[in-house]
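Colleague: Would you mind keeping the following structure in view while I ask a few things?
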Amino acid sequence: VQLQASGGGLVQAGGSLRLSCAASGSTFSSYAMGWFRQTPGKEREFVAAISWSGGTTHYADSVEGRFTISRDNAKNMMYLQMNSLKAEDTAVYYCAAPPQDYPWSPRLNEYVYWGQGTLVTVSS
């Protein structure tokens, strides 16, 4: 599956942004999906994940209650709605998928398909 993230940009603290991830090349509904983020000098970290059907979601503690992950299997799309953004949310955000039919995971090394990343900058 090929993934392409978009929707990043510059936003003020307290604002909102929605990221999108477009998938192509395979049966999207058979992939769990996740969002990760990375800042310079730090390891890529888990943000959120969603099950194949979208019925189950999981979040890092740092974004719980502020971010919402969702997917539209009919459109081969995944989203990350980010509200109440903070300066520490500034990062390059990546969408990713583990192998087909694998369950969701917060572990970076279990994801094998990656989008190119989209930069989110939150000004304080």
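The values are calculated or read from the model by the stated rules, or taken from the named source; none is laboratory data. Note that the structure is predicted; figures quoted are calculated from it, not measured. Cβ sites come from the backbone with ideal geometry, for glycine too, and all protein chains shown count toward neighbours. Surface areas here come from the heavy atoms of the whole protein model, side chains and all, with no ligands, DNA or RNA. Shrake-Rupley method; radii C 1.70, N 1.55, O 1.52, S 1.80 Å.
Colleague: What percent does the relative contact order of the range 52-105 come to when contacts are Cα pairs within less than 8 Å and at least six residues apart?
Modeller: On the way: 29 pairs, mean separation 13.5, N = 54.
Once normalised by length, the contact order is 25 percent.
Colleague: Separate question: Roughly how many Å² of residue 62 are accessible to a 1.4 Å probe, to the nearest 10?
Modeller: 60 Å²
Colleague: Now for a different question. Could you provide, to the nearest whole Å², the per residue accessible area of the chain with probe 1.4 Å?
Modeller: Values: 6090 Å² over 124 residues.
Dividing the accessible area of the chain by its residue count gives 49 Å².
Colleague: What order do 120, 112 take when sorted by accessible area (1.4 Å probe), most exposed first?
Modeller: If we order 120, 112 from most to least accessible, we get 112, 120.
Colleague: How about the range 26-124: which GluC sites (Glu not before Pro) there are in a DSSP loop, with at most 15 other Cβ atoms within 10 Å of their Cβ? Please report the intermediate quantities before stating the final value.
Modeller: Working: sites: 43, 45, 64, 88, 110; in loops: 43, 64.
Answer in residue order: 43, 64.
Colleague: Here's a follow-up. Let me check against my output: what whole-number percent is the relative contact order of the chain, with C-alpha pairs under 8 Å and at least 6 apart?
Modeller: The normalised contact order for the chain reaches 36 percent.
Colleague: To the nearest 20 Debye, how big is the dipole of the range 1-108 about its Cα centre, given +1 on the beta carbon of each Lys and Arg and -1 on that of each Asp and Glu? Mind showing how you got there, number by number?
Modeller: On the way: 9 positive and 8 negative charges, 33 e Å.
Computed about the Cα centre, the dipole is about 160 debye.
Colleague: Along the Cα-to-C-beta direction of residue 51, a point sits 7 Å from the Cα; which residues of the range 67-99 have their amide N less than 19 Å from that point?
Modeller: Within reach of a label on residue 51: 68-74, 77-79, 97-99.
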